[in-house]
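Chemist: This structure is in structure tokens; I'll ask about it shortly.
Values quoted throughout were computed directly from the atomic coordinates according to the rules given, and no laboratory measurement underlies them. What you are looking at is a predicted structure, and each value in this text was computed from that prediction instead of being measured. For neighbour counting, all protein chains shown are included, and Cβ atoms are generated from backbone atoms with ideal geometry for every residue, glycine included.
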Amino acid sequence: MEGGRFRGESTIVAPATPPGAGAVSILRLSGPDAFPLARRLTGVDPAAHPPRTLSRCGIRNASGAEIDSGLAVFFPEPHSFTGEDVVEIHLHGNPILVEEVAAAACALGAVPAAPGEFSRRAFFNGKMDLTQAEGLCDLIAARTAASARAALRQLNGGIRAAISPLRERIRNLLVLLEASIDFPEEEGIAPISAVELIERVSEINGSLSRFLESYERGHLLRDGATVAIAGVANVGKSRLLNRLLGEERAIVTETPGTTRDYLSGELVLSGIPVRLVDTAGLRETEDPVEREGVARSRRIVAEADLTLFLLDGSRAAHDGDRRAYDEIASRPHLLLLNKCDLPPSENGGDFHGEGKRKTFPVSAKTGEGTDALLREMARELAPEGGATLSEAPMTRLRHAAAVRRAVEALSRASRSAGEGMSLEFPAADVREAADALSELTGEIAPEEVLDAIFSSFCIGK
Amino acid sequence: MTYEYPTEYDVIVVGGGHAGCEAALAAARMGCRTLLLTINADAIGLMSCNPAIGGLAKGHLVREIDALGGEMAKAIDATGIQFRQLNTSKGPAVRSSRAQADKQRYRLWMKQALESVYGLDVKQAMADAVLVEGGKAVGVETNLKVRYRGKTVVLCTGTFLKGLVHIGLVNFPAGRAGDFPSMKLSDSLRTLGFTVGRLKTGTTPRLDGKTIDFSRTIRQDGDAEPVPFSFENSKITRPQIPCYMTYTSAATHAAIRSGLSRSPLYSGVIQGIGPRYCPSIEDKVVRFSEKERHQVFLEPEGLSTAEYYPNGVSTSLPYDIQVKMLRTIPGLERVEIVRPGYAIEYDFVDPVQLHPSLETKIVENLFHAGQINGTSGYEEAAAQGIVAGINAAGKAKGLPPVVLGRAEAYIGVLIDDLVTKGAQEPYRMFTSRAEYRLLLREDNADLRLSDTGYRVGLLPEGRYRQFLRKREGLVDFVRRLEETRVAHDAPIRRLAEAAGGGPVRTGISYAELLRRPEVTVGMLLSCDGGLAAGVPGVAQQAELAIKYEGYIRRQEEEAKKIRKYEEMRFPHDFPFEGVYGLSTEVRDKLVRVRPASIGQAQRIPGVTPAAVALLLVALKKGKTRSR
Ligand SMILES: Cc1cc2nc3c(=O)[nH]c(=O)nc-3n(C[C@H](O)[C@H](O)[C@H](O)COP(=O)(O)OP(=O)(O)OC[C@H]3O[C@@H](n4cnc5c(N)ncnc54)[C@H](O)[C@@H]3O)c2cc1C
Ligand SMILES: Nc1nc2c(ncn2[C@@H]2O[C@H](COP(=O)(O)OP(=O)(O)OP(=O)(O)O)[C@@H](O)[C@H]2O)c(=O)[nH]1
Ligand SMILES: [Mg+2]
């Protein structure tokens, strides 16, 4: 916001550390009265104390009684997280103490921070753009190290850094088009030719599409992936789940129909948090409990990013296997031949949904083949290519939708120019593409987007 | 001693230029007792600069003025001496009309139009001050100390406020060359609290035609079939005359450079900011020194004069340099100058101090239109004039203001830009200023604005009925194109296939056929005699609607989304000063502009989406509080 000072009318307060007992808890204050308030609470004079360094202090409650001895640190505006005056008070990690000091701050005029309020103030104060605010949110929620790295790159402005030069190129193209349209040939401005337009568009679209590929992995890093294990009863689905998770999660018996409801566990595949789901064997049955289980399995499979379809390799496949396979054949899946520790009598040759599929012999019992399987799962989930790890991948549907809109608009521009339509039409498309990218970084952000983003923050961030 | 003029007017218009004429005509035609004051009654509707109306994006404005019931299109149709369609190769939305005018006849037509309206008094007088009582304008006082009382006042003073003409290092006060300046009015405005700034523009010398050797130039004729501007005219019958084209040369540029030390622009005498898109010849030579020559169009100033306007050599160089420079141009070797070119500096009033109705925010019942708002060009002036006239008349009658949207008219774009962004340099209309350009075409100006023109009582009954017939004809024609199927032996099949593209399936509709890039409505009409559209212009319009349907629909949807934000309106007294959380810069911008709606706030440069979100919160809070 051009270095402008954000003026909160209130001073907000909230714990910055999670609730519960710990060695240290931090209480954060932000707003115009943060410094005077902190002075009353800690006795330290912010003006007499160097900024951004800790100082020891006694901490008092509302009635002025000293209740803890801790540390305070002052961040004068605009060099703070929110861009306002910010104070952090470090207490001993007892929730009761934190509660008491927060209450004291409120008694002195502070108000409890609403969800996302600190970040909201940072955003409004131009401390971060929209994708950065999202990155912060994701960094805090990240479940794997790789997810955290991706979120951090976003927080550091990686998406904007990737998008800005592209938007600039689109804008330059628009400028060329507008100049061609708005100035008569007589003034010596040679109108941009269809060929040149198409060429430029295809260059920009190439870069945009490459960036778009990063969404495949990026969104999995943020949202995680679901991998379902499916197949008819007794092929060893539950045992495979246990094997892949490395723990005895599911009940395994010789009785078909053992698993009635789905079960899941977490694992990490090349940085992506994966929820692995064991399902009830897909078969027609009269048993109402099992029927419900089968219906649930189908839903899981329908939503999964990847399905591991199991055949029992130690017996010849039957119609039930084929019917079950038909249900998942059009979804992304891997074909597994389980029980490869036993003499084989099925090679999965009839089972190739779309094109020839590789089969993976595994043994849930011995663990044979599971390393290769895990590698293949990682490849399936996050194909090579897209943004390299040094760039920030796109992590949200909103990002991909905006970039897709830009790509589509640009393709339309190219098509229209190719059909010999006059420049004003491709110009409309190019303008739309520029707008789409501006929306991505929040330069044009409908208020709904903002609301959705900020309501997903939790207190104190 | 002051004289209180006995008549009390509804609307007083100051200035008989292009803005003032439209404003006065609109107010009077809407039934208001109207007074037009102007410094020189012989110079009403006079073209200060180029003897031409229209041009890129300006032609659009003229047709919009016409659709609302204004005069400009009719005046140029009646007095044009060469009509041309510009940008025909660039597409239907940016195609514009332009015509050379017989300058004197144009002015007389305008004067007569004013004189023929009952209830409209034209008086030669110089306004020196706006009379204000209780924060409201109540009239004007002239240099003869006459006080005219009016319910509303519209200022359309053009380049006249403290006008200062420069020719070389010589300068003198003038409203334009040959006219008195208005030296006091802008001080009156400043005292009232308006921000007054200074801009500059310039014009070319005028040449004596009998001293031009046209054989050394290239003749340029107008269109064989001149297309009228006004929707009520179907033909231009008057004879058309040619223009001529020539070029500057290295010798011209050398002559210009030899005079730069005595140029008021380059010696720093001129303070006002000039238009970047309309540079003087000395500017072009200095800034684009690599260009070997520049085009010059020799345009006739009329049928009953030998004066020519050399378009392209606007200059404020000293007189001797003007002579020297011109005589290096092929065809002008022996040219005599009738009037020298000059630059003019003048006062303008910051247009962000206006509501979108063109009423000022500081003084109620006072309106500003035309070059006083920082624009340049006759069409831009007239466009504001008609809106100010409508709204001043409406105010006098107690009606709500008429504000045209950005997706509705170039006039809407023009006024919104002015009141939202101000004028850092003279503002000219361009099609790229309109984000919904594909919707705002010259051909559909009547579809966009006739209803409004009729509703406010400006577009006459007969014209409106003619329009309704056309609109019905269009709907009917489009329906027929959609319903008529291509028979297997239809001649159009062969014609369409011969034009390129794939084979034509039997049974597809004419509309589908028309979507093919190479098929035109003309082909359909030539093959199917029964199709004839009846009303002129309808077939072409239907063709556009069908051919570009996808594009048009997308822009309409986009416009609808944006409209939502235009409807989120701030109350008049909304305290922008106190909005929670705004940075100082953004707050200052909002306080300066005081936007009428969230939509307008979004368009203020430097107002971030974050700030807009805060405004939304504040707006909602205000609502719940007042409930
Ligand atoms: C030298 C010059 C060069 C120009 N160059 C260009 C150009 O290159 N391109 C372009 O598009 N446009 C150009 N123009 C601008 C164009 O002429 C104006 O934009 C247009 O005429 C403005 O219309 P208007 O109605 O606002 O004012 P004007 O046409 O200037 O009319 C103003 C009217 O107000 C009257 N008036 C002024 N003050 C008072 C008063 N106090 N009391 C009573 N009456 C008053 C005057 O007598 C006059 O009738 C140029 C103008 C000049 C003078
Ligand atoms: N030899 C061998 N036996 C296996 C292997 N995997 C599973 N089994 C056995 O096959 C039987 C069924 O295993 P489960 O994992 O319960 O099979 P399931 O597919 O989950 O069966 P339902 O839950 O009934 O649908 C058990 O007796 C397992 O021990 C394997 O890889 N090798
Ligand atoms: Mg099981």
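Chemist: Where does the charge balance sit around B:Ile273 when Lys and Arg score +1, Asp and Glu -1, over other residues with C-beta under 10 Å from its C-beta? Show your work: numbers first, answer last.
Modeler: Numbers: positive: B:Arg198, B:Lys200, B:Arg276; negative: B:Glu345, B:Glu425.
Net charge in that neighbourhood comes out at +1.
Chemist: About the Cα centre of chain B, how large is the charge dipole given +1 on each Lys and Arg Cβ and -1 on each Asp and Glu Cβ? Please answer in debye to the nearest 20.
Modeler: 1080 debye
Chemist: Let me ask something else. Taking each residue of A:422-432 in turn, how many C-beta atoms of other protein chains fall within 10 Å of its C-beta, and what is the average?
Modeler: So the per-residue partner count for this stretch is 6.
Chemist: Further, regarding this structure: Kirkwood hydrodynamic radius for the range A:225-381: how many Å is it when counted over pairs of different Cα atoms?
Modeler: 15.3 Å
Chemist: While we're here: Looking only at the range B:511-527, which residues have a backbone nitrogen under 16 Å from a spot 7 Å from the Cα of B:Arg485 in the C-beta direction?
Modeler: In the range B:511-527, the label zone of B:Arg485 (backbone N under 16 Å from the point 7 Å along Cα→Cβ) covers B:511-513.
Chemist: A follow-up question, please. With helices defined as uninterrupted DSSP H runs, which ones in chain B have an alpha carbon span along their own long axis of at least 27 Å and mean Kyte-Doolittle hydropathy of at least 0.0?
Modeler: Passing helices, by number: B:378-397.
Chemist: Right, here's the next one. What is the mean number of Cβ atoms from other protein chains located within 10 Å of the Cβ atom of each residue in peptide B:582-591, rounded to a whole number? Write out the running numbers ahead of the final one.
Modeler: Numbers: counts 6, 12, 7, 5, 5, 2, 1, 0, 0, 0.
Mean shielding by partner chains, rounded to a whole number: 4.
Chemist: Let me ask something else about it. Rounded to the nearest 0.05, what FRET efficiency do B:Lys136 and B:Leu399 give with R0 = 22 Å and r taken as the Cβ-Cβ distance? Could you check?
Modeler: Efficiency computed from Cβ-Cβ geometry: 0.85.
Chemist: Take the Cβ-Cβ distance between B:Ile241 and B:Val117 as r, set R0 to 35 Å, and report the resulting FRET efficiency rounded to the nearest 0.05.
Modeler: The formula returns an efficiency of 0.65 here.
Chemist: Then there's this: Can you give me the three principal axis dimensions of the range B:1-112 from its C-alpha atoms, in Å, biggest first?
Modeler: Here the Cα extents, ordered largest to smallest, are 62, 26, 20 Å.
Chemist: Let me ask something else. Under 5 Å between amide H atoms, partner at least 5 residues away or on a different chain: which partners does A:Leu308 have, H built in plane at 1.01 Å?
Modeler: Answer set, sorted by chain and number: A:Ala228, A:Ile229, A:Ala230, A:Leu334.
Chemist: Under the Karplus relation 6.51 cos²θ - 1.76 cosθ + 1.60, θ = phi - 60°, what is the ordered set of whole-Hz ³J(HN,Hα) values for the range A:336-341, x standing for Gly and Pro?
Modeler: Residue by residue, the range A:336-341 yields 10, 9, 7, 6, 6, 6 Hz.
Chemist: Taking N as the number of residues in the range A:41-184, what is its Cα Rg relative to 2.2 N^0.38 Å?
Modeler: 1.53
Chemist: B:Ser304 to B:Met568: extension gain in nm, 0.36 nm per residue of separation minus the Cα-Cα distance?
Modeler: 89.5 nm
Chemist: Follow-up question, since we're still on this one. How high is the relative contact order of chain B? Use alpha-carbon pairs under 8 Å, at least six apart in sequence, and give a whole percent.
Modeler: Over chain B, the number comes to 16 percent.
Chemist: As an exercise, find the ratio Rg/Rh for the range A:190-265 from alpha-carbon atoms, using the Kirkwood inverse-distance average for Rh.
Modeler: With Rh from the inverse mean 1/r over Cα pairs, Rg/Rh is 1.44.
Chemist: What value in Å³ per residue do you get for the convex hull of the alpha-carbon atoms in the range B:206-342? Don't skip to the end; give the middle numbers.
Modeler: Numbers: hull volume 19.4 nm³, N = 137.
It is 142 Å³ per residue.
Chemist: With +1 on the Cβ of every Lys and Arg and -1 on the Cβ of every Asp and Glu, and nothing else charged, how large is the dipole of the protein assembly as shown about its Cα centre, in debye rounded to the nearest 20? Each step should come with its number before you reach the end.
Modeler: Values: 136 positive and 137 negative charges, 318 e Å.
Around 1520 debye, computed over the protein assembly as shown.
Chemist: Taking the range B:165-247, how much of its Cα-Cα pair set, in percent, is spaced more than 14 angstrom apart?
Modeler: Roughly 80 percent, once rounded to a whole number.
Chemist: Per 10 Å bin from zero, what fraction in whole % of the C-alpha pairs of chain B is there, up to the bin with the longest pair?
Modeler: So the P(r) values, bin by bin, are 3, 15, 24, 24, 19, 11, 3, 1, 0.
Chemist: When every alpha-carbon pair in the protein assembly as shown is counted, what percent end up more than 42 Å apart?
Modeler: 56 percent
Chemist: In a shell of Cβ-Cβ distance under 12 Å around B:Leu404, excluding B:Leu404 itself, what net charge do Lys and Arg (+1) and Asp and Glu (-1) give? List each step's numbers first, then the result.
Modeler: On the way: positive: B:Arg406, B:Arg448; negative: B:Glu64, B:Glu408, B:Asp416, B:Asp451, B:Glu566.
Every neighbour counted, the sum reads -3.
Chemist: Then there is this: For chain A, how big is the tail of P(r) above 44 Å, as a whole percent of Cα pairs? Spell out each step's value before the answer.
Modeler: Values: 39245 of 106030 pairs.
Tail of P(r) above 44 Å: 37 percent of Cα pairs.
Chemist: What does the convex hull of the Cα atoms of the range B:567-626 come to per residue, in Å³, rounded to a whole number?
Modeler: Enclosed volume per residue, from the Cα hull, is 75 Å³.
Chemist: Listing B:Lys470, A:Lys358 from the residue with the fewest other Cβ atoms within 10 Å to the one with the most, what is the order?
Modeler: Going from least to most buried by this count: A:Lys358, B:Lys470.
Chemist: A further question follows. How long is the gain from A:Ala65 to A:Arg296 if the chain were fully straight, where each residue apart is worth 0.36 nm and the alpha carbon distance is subtracted?
Modeler: My answer for the length gained is 77.3 nm.
Chemist: Name the residue farthest towards the positive end of the dipole of the range B:461-557 from the options B:Tyr551, B:Gly502, B:Thr484, assuming +1 on Cβ of Lys and Arg, -1 on Cβ of Asp and Glu, about the Cα centre.
Modeler: Towards the positive end, the residue furthest out is B:Tyr551.
Chemist: May I pose another question? Kindly put B:Lys123, A:Lys339 in sequence by how many other C-beta atoms sit within 10 Å of each C-beta, fewest to most.
Modeler: If I rank by nearby Cβ atoms, fewest first, I get B:Lys123, A:Lys339.
Chemist: If I model a spin label at A:Glu327 and B:Arg465 as a point 7 Å from the Cα along the Cα→Cβ vector, what separation in nanometres do I get?
Modeler: Once both label points are built, they end up 7.3 nm from each other.
Chemist: When averaged across all projection directions, what area in nm² does the alpha-carbon convex hull of the range B:389-488 cover?
Modeler: For the range B:389-488, averaging the hull's shadow over all directions gives 9.4 nm².
Chemist: Between B:Tyr3 and B:Ser215, what is 0.36 nm times their sequence separation minus the Cα-Cα distance? Round to one decimal in nm. Working shown, then result.
Modeler: Numbers: separation 212, 0.36 × 212 = 76.32 nm, distance 5.96 nm.
Here the segment from B:Tyr3 to B:Ser215 would lengthen by 70.4 nm.
Chemist: Treat each spin label as a single point 7 Å out from the Cα along the C-beta direction, and report the A:Ala145 to B:Asn40 distance in nm.
Modeler: 8.5 nm
Chemist: So, one more: Quickly work out the B:Arg293-to-A:Glu266 label distance, labels modelled 7 Å from Cα along the C-beta direction, and quote it in nm with one decimal.
Modeler: 7.8 nm
Chemist: Show me, for the range A:227-236, the HN-Hα J-couplings you get by feeding each phi into the Karplus relation (A = 6.51, B = -1.76, C = 1.60, θ = phi - 60°), rounded to Hz, glycine and proline as x.
Modeler: Using θ = phi - 60°, the values come out as 10, 9, 9, 10, x, 6, 5, 6, 7, x Hz.
Chemist: Then there is this: Quick one: if the Förster radius is 51 Å, what FRET efficiency do B:Arg198 and A:Glu303 give, using the C-beta to C-beta distance and rounding to 0.05?
Modeler: For B:Arg198 and A:Glu303, the calculated efficiency is 0.15.
Chemist: Right, something else. Could you give the semi-axes, largest first, of the ellipsoid that matches the range B:461-557, computed as the square roots of 5 times the alpha carbon gyration tensor eigenvalues and rounded to whole Å?
Modeler: Sorted largest first and rounded, they come to 25, 16, 10 Å.
Chemist: So, counting K/R as plus one and D/E as minus one, what does the shell of residues with Cβ under 13 Å around A:Arg60 add up to?
Modeler: For residues surrounding A:Arg60, the net value is -1.
Chemist: Something else: Taking the beta-carbon count within 10 Å as an exposure proxy, list A:Leu108, B:Leu474 from fewest neighbours to most.
Modeler: Numbers: A:Leu108 16, B:Leu474 20.
Placing the least packed residue first, the sequence is A:Leu108, B:Leu474.
Chemist: In debye, nearest 20: dipole of the range A:312-375 around its Cα centre with unit charges on the Cβ of K, R (+) and D, E (-)?
Modeler: So the magnitude is around 160 debye.
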